[in-house]
Every structure is written in structure tokens, then in C-alpha cells.
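Reviewing the structure listed below.
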Amino acid sequence: MSCEYVRDYYAVPAVIGRRVIVGGKAGVIAEDRGHYIGVNFDSDKPGVVHNCHPTGEVEYGEIGVVRKITASQQRYRRFLEYGDGFDSFVGFCRWDAEPERSWNCSY
């Protein structure tokens with residue numbers, strides 16, 4: 001289950017998808033970051049996640065929805081993961097677009 005450590009150690013109702021207000025900024029818990037909660041603030045693009053301490057100026061709200069990241073953000077995350085094996089970004093993009101990649105399958 002997500003954010004289990006944070007819930008148990010800090011006794012807070014942290015789960016992925018819960019709305020929070022951190023230091024006056026509204027957002028949603030998007031990732032489990034170990035000792036921290038990963039918050040996507042409403043003012044940021046989807047996929048931009050900030051580490052926040054689970055008890056530091058955090059107000060927990062109702063369960064919400066984590067916004068989906070765009071296709072270009074997904075491609076950039078794959079580039080960060082696999083890009084070291086390519087001479088150029090264009091070479092990576094050609095490899096990334098091949099139909100046999102699991103993220104390109106339509107079934």
C-alpha cells in the first residue's frame with residue numbers, strides 16, 4: 001500500500017490521491033517518497049512532484065485524483081532512464097518509437 005511508512009511513523013492519513021495544502025499551496029499526493037510525500041501542486045504541470053515532509057505545514061483533505069502526465073513527459077522520463085545508451089536524442093526517439101516497445105503496443 002502506498003505511503004505506508006509515512007502513515008505508520010507519522011500517524012497521518014497520507015495516501016496517493018489525497019488532497020493536501022502544504023504551506024498554503026494546494027495539491028495532491030502523487031508519489032510515495034519514503035520518509036516524504038511527493039506532492040503535485042495545482043500550480044505545477046502534471047508529473048512535477050515535490051518532496052514534502054508529512055507533518056511540515058500539511059493539511060490533509062479528501063481523496064482526489066492524480067493528474068496524468070503528458071506523452072512528452074513520459075518520453076522524457078524514459079530518456080532519463082535509457083538515454084545514456086544513445087549518441088543523440090534523435091537516436092533515442094527512433095528507438096523509443098519502435099512498435100515492439102511495451103509502451104507503444106496497442107493491445
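Residue by residue, here is whether (1) more than 16 Å from the chain's Cα centre (by Cα); (2) touching a residue at least 40 places away in the same chain (Cβ under 8 Å) holds:
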| site | (1), (2) |
| --- | --- |
| Ile21 | yes, yes |
| Gly24 | yes, no |
| Ala30 | no, no |
| Glu98 | yes, no |
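Here's the yes/no breakdown for (1) in a helix (DSSP H, G or I); (2) modelled with pLDDT of 90 or more; (3) open to solvent by 80 Å² or more (accessible area, probe 1.4 Å); (4) small (Gly, Ala, Ser):
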site	(1), (2), (3), (4)
Asp32	no, yes, no, no
Ile37	no, yes, no, no
Gly47	no, no, no, yes
Val65	no, no, yes, no
Arg75	yes, yes, yes, no
Leu80	yes, yes, yes, no
Asp84	yes, yes, yes, no
Gly91	yes, yes, no, yes
Glu100	no, no, yes, no
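Identify all residues within the range 52-63 that are hydrophobic (A, V, I, L, M, F, W, C) and open to solvent by less than 60 Å² (accessible area, probe 1.4 Å); write none if there are none.
Residues satisfying the conditions are Cys52, Val58.
The values are calculated or read from the model by the stated rules, or taken from the named source; none is laboratory data. Keep in mind the model is a prediction, meaning the values are calculated, not measured. Cβ coordinates were reconstructed from backbone atoms using ideal geometry, including for glycine residues, and neighbour counts include every protein chain displayed. The accessibility values were calculated without ligands, DNA or RNA, using every heavy atom of the protein model including side chains. Shrake-Rupley method; radii C 1.70, N 1.55, O 1.52, S 1.80 Å.
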